[in-house]
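Where a number appears in this text, it was derived from the coordinates with a stated rule and is not lab data. Keep in mind that what you see is a predicted model, and the values were worked out from it rather than measured. Note that each Cβ is placed from the backbone with ideal geometry, even for glycine, and that neighbours are counted across all protein chains shown.
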Amino acid sequence: MLSDDILLNVRKPARYIGEEWNMTKKDFDSSEIKFALCFPDLYEVGMSNLGLRIIYGILNSLPNATCERFFSYDTDMAEICLRGKNEILSLESRRRLFEFDIAGFSLASELNYTNVLNILSMGKIPLRSCERSNSHPLIIGGGPCAVNPEPLVDFFDLFVIGEAEDVIREIVEVYSQHKEEYKNGDCNRKELLWMLAQLPGVYVPSFYNVNYDSDGNVSEFKPVVNGIPSRISKRIVKDLDCAFFPVKWLVPYIQIIHDRASIEIMRGCPGRCRFCQARSAYFPFRERRLENVLQLADQIYSCTGYEEISLAGLSVTDYSHIEELLSLLIGRFKNKGVSISLPSIKVKELVGKVSALIAGVKKTGLTFAPEAGSERLRQALGKDFQEGQFMESLERAYLAGYQHIKLYFMIGLPQETEEDLDGIIELSWRASQLRKKINKFPAQVNISINTMIPKPHTPFQWLGMEDAESIKKKQDYLKEKTRKNRQLRLSFYDYNMAFLEGVFSKGDRRLGDVLYTAFRKGAQFDAWSAHFSWQRWIESFKENGIDPCSYLKEKDRESILPWDFIDIGVNKELLLQEFNKTCCK
């Protein structure tokens with residue numbers, strides 16, 4: 001148990017107490033299947049994750065199952081638990097991780113991988129799957145990073161590839177059918193995993209063997225157990241209107257990253273940006289019916305009283321009924337003091353009626369993603385962004401009362417020149433100055449600049465990542481260009497963090513030892529700059545004889561990629577054609 005003495009000596013003790021409004025708490029001991037839902041980051045990050053809320057609701061809707069949450073303990077709480085030899089506990093019933101049948105991890109970022117090991121360690125669970133027995137919970141991974149699970153295969157028993165709404169029920173059903181014989185030893189771990197591997201979308205890595213050539217590239221990937229597929233097909237939810245969506249929205253006692261209710265109005269994206277992994281991961285494009293969205297909004301509001309509802313999706317302004325939806329939501333909730341918020345907006349959608357509706361949307365600032373500083377380079381990326389439409393849309397937004405905007409760009413792009421860097425500054429400056437037409441003062445423009453990471457299952461998966469020296473020169477160039485302009489505020493994603501993300505996103509099974517070594521050296525919360533230590537990772541790569549740069553070099557188009565065995569639903573030949581349009585001119 002977490003005593004008051006412990007909670008009074010840690011930052012944000014509400015992270016660890018549970019008991020939120022709408023929390024599900026079932027009788028743990030009488031539940032047949034006990035499922036630990038783990039998010040390898042802080043509570044306020046995990047509780048902002050829509051996927052976690054969906055799976056939590058689905059599992060607790062099953063009559064024979066109970067699902068309880070685990071989040072990473074912050075460093076102060078972890079140190080107290082280590083000194084007192086206390087284990088990490090679930091929020092709902094204060095149960096130990098060892099007491100659960102299954103532990104599922106949501107893998108939202110490659111930089112959270114050390115936190116996975118930390119949760120297992122704090123739960124007294126052997127880190128490597130080969131060290132576990134029938135008495136330990138099955139460890140499952142899923143989420144966006146599972147599109148290439150290979151760097152994590154040492155630590156997981158199985159992975160869910162794709163969308164988990166349907167397959168998670170099937171996994172629980174299979175486990176339920178064989179739990180008694182599994183726990184009493186009549187069914188061994190391999191036999192249970194074989195039965196689970198029969199489910200579409202389930203990948204059991206111990207059933208496959210990988211060989212490498214003299215250059216360290218994958219030369220062969222093949223099953224070593226009979227009756228399992230050579231390729232794993234991604235699971236998808238065909239009809240969003242039939243899919244579960246949580247309306248009894250958990251309301252935390254502390255502010256979380258996205259402190260609002262969210263409604264997923266669509267999944268996938270109709271765009272064709274060649275750098276975007278999310279498009280492939282959530283392909284194909286699907287929409288939730290307008291009537292269903294409105295009903296969900298009413299239900300969530302009545303269950304929570306939230307004063308902000310956000311429309312969620314990769315590109316919400318591509319929703320086919322976005323104008324009507326905004327109009328109806330604003331009209332329905334305006335008198336209740338509830339605002340409607342939108343994530344990044346496509347500029348062409350603000351030229352029409354949507355531009356008149358944004359006056360009723362919460363004015364927290366607008367976000368746009370030009371991605372590149374020139375039309376030539378945006379075309380190479382497959383990015384649909386027209387500067388003329390952007391300026392027209394922005395003027396309408398300023399007229400509606402918006403005072404500042406955020407722009408996302410990338411550097412390290414193929415065919416990038418100094419003129420493209422100048423274009424970033426010029427476009428941002430023009431966006432700032434445009435507001436002077438409205439009230440004589442320029443707008444503040446926050447410019448977020450990331451290094452382009454070539455990701456699996458995209459046309460850029462064969463592309464190499466630009467080196468640190470070149471990126472630093474470009475960052476310094478942009479800093480100098482904006483040094484005297486107070487309206488333009490630059491922020492850069494740390495290159496070493498981007499590099500590490502790239503290595504693990506494109507990595508193979510050999511990175512398991514590197515991850516284990518880095519964790520033993522103290523690596524955790526690598527997505528947080530205050531905790532990230534590049535030196536630990538340099539030492540870990542060196543001690544394991546791994547050159548991390550080898551993973552981020554340009555790949556031969558004929559080579560076997562570590563993730564080729566996953567059928568994402570997007571043909572590899574089509575990706576190659578898109579790659580050739582950009583990178584082989």
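Things to note:
- Degrees, to the nearest 10: 50-61 long Cα axis against longest axis of the chain: 40 degrees
- Exceeding the 21 Å Cα-Cα cut-off - candidates 555/581; 234/383; 440/481; 455/572; 506/555; 521/542: 234/383; 440/481
- Entry note, region 4-233: relative contact order of 15 percent, from Cα contacts under 8 Å with a spacing of 6+ residues.
- Cα pair distances of region 4-233 binned at 10 Å [whole percent]: 7, 33, 37, 17, 5, 1
- Value of D in µm² per second that Stokes-Einstein yields for region 116-200, Kirkwood Rh from Cα pairs, at 37 °C (0.692 mPa s): 240 µm²/s
- In a reduced charge model with +1 at each Lys and Arg Cβ and -1 at each Asp and Glu Cβ, region 4-233 shows a dipole moment near 280 debye about its Cα centre.
- Once the Cα atoms are used to define both axes, helix 418-433 deviates from the longest principal axis of the chain by about 70 degrees.
- For the chain, convex hull volume per residue from C-alpha positions, Å³: 159 Å³
- Residue-wise HN-Hα couplings along region 373-390, as the Karplus relation 6.51 cos²θ - 1.76 cosθ + 1.60 with θ = phi - 60° gives them from phi, are x, 9, 5, 4, 6, 5, 5, 5, 7, x, 8, 8, 8, 9, 4, x, 4, 4 Hz; Gly and Pro carry x.
- Proximal aspartates and glutamates relative to residue 437, as straight alpha-carbon distance under 17 Å, when same-chain residues fewer than 8 apart are discounted: 392, 395
- Debye log10 I(q)/I(0) for region 277-324, one point scatterer per Cα, at q = 0.16 Å⁻¹: -0.56
- Peptides 373-385, 547-559, ordered by how many other C-beta atoms sit within 10 Å of their residues on average, highest first, read 373-385, 547-559.
- Ranked by the mean number of other Cβ atoms within 10 Å per residue, highest first, peptides 49-59, 331-341 order as 49-59, 331-341.
- Amide H contacts for residue 138 (H built 1.01 Å from N in the peptide plane; partners 5 or more residues away or on another chain; cut-off under 5 Å): 102, 103.
- Per residue, the average separation of C-alpha pairs within less than 8 Å and at least 6 apart gives the chain a relative contact order of 14 percent.
- Normalising the average separation of contacting C-alpha pairs (under 8 angstrom, six or more residues apart) by the number of residues puts the relative contact order of region 108-237 at 22 percent.
- Between region 235-277 and region 154-197, the Cα center-to-center distance that results, in Å: 26 Å
- 3J(HN,Hα) couplings calculated from phi for region 229-234 with the Karplus curve 6.51 cos²θ - 1.76 cosθ + 1.60 (θ = phi - 60°) are, in sequence order, x, 7, 10, 9, 8, 5 Hz; Gly and Pro show x.
- Largest-first principal axis extents of the Cα set of region 457-585 (Å): 48, 43, 24
- The smallest convex shape that holds all Cα atoms of region 533-585, its convex hull, gives 139 Å³ per residue.
- For 457, 321, order by how many other beta-carbon atoms lie within 10 Å, fewest first: 321, 457
- Amide H within-cut-off set for residue 235, under 5 Å, with H built and near neighbours excluded: 161, 162, 163
- Distance histogram in 5 Å bins (all Cα pairs of region 73-132, percent per bin): 4, 16, 27, 27, 19, 7, 0
- Taking trypsin sites (Lys or Arg not before Pro) across region 248-330, the ones in a DSSP loop with at most 14 further Cβ atoms lying within 10 angstrom of their Cβ are 272, 289.
- Neighbourhood charge, 15 Å Cβ-Cβ cut-off, centred on residue 216 and excluding it, Lys, Arg +1 and Asp, Glu -1: -4
- Residue-wise HN-Hα coupling along region 394-406, computed from phi with Karplus coefficients 6.51, -1.76, 1.60 (Hz; x: Gly, Pro): 5, 4, 5, 5, 4, 5, 7, x, 6, 10, 8, 9, 10
- Ascending count of other beta-carbon atoms within 10 Å, so fewest first, for 451, 582: 582, 451
- For the chain, the longest principal axis of the Cα atoms and the long axis of helix 113-122 meet at an angle of about 40 degrees.
- 5 angstrom amide H check on residue 444, placed H, neighbours 5+ away: 405
- Whole-percent pair-distance distribution, where bins are 5 Å wide, for the alpha carbons of region 8-111: 2, 12, 23, 25, 19, 12, 5, 1
- Counting neighbouring Cβ atoms within 10 Å and putting the fewest first, the residues 251, 153 line up as 251, 153.
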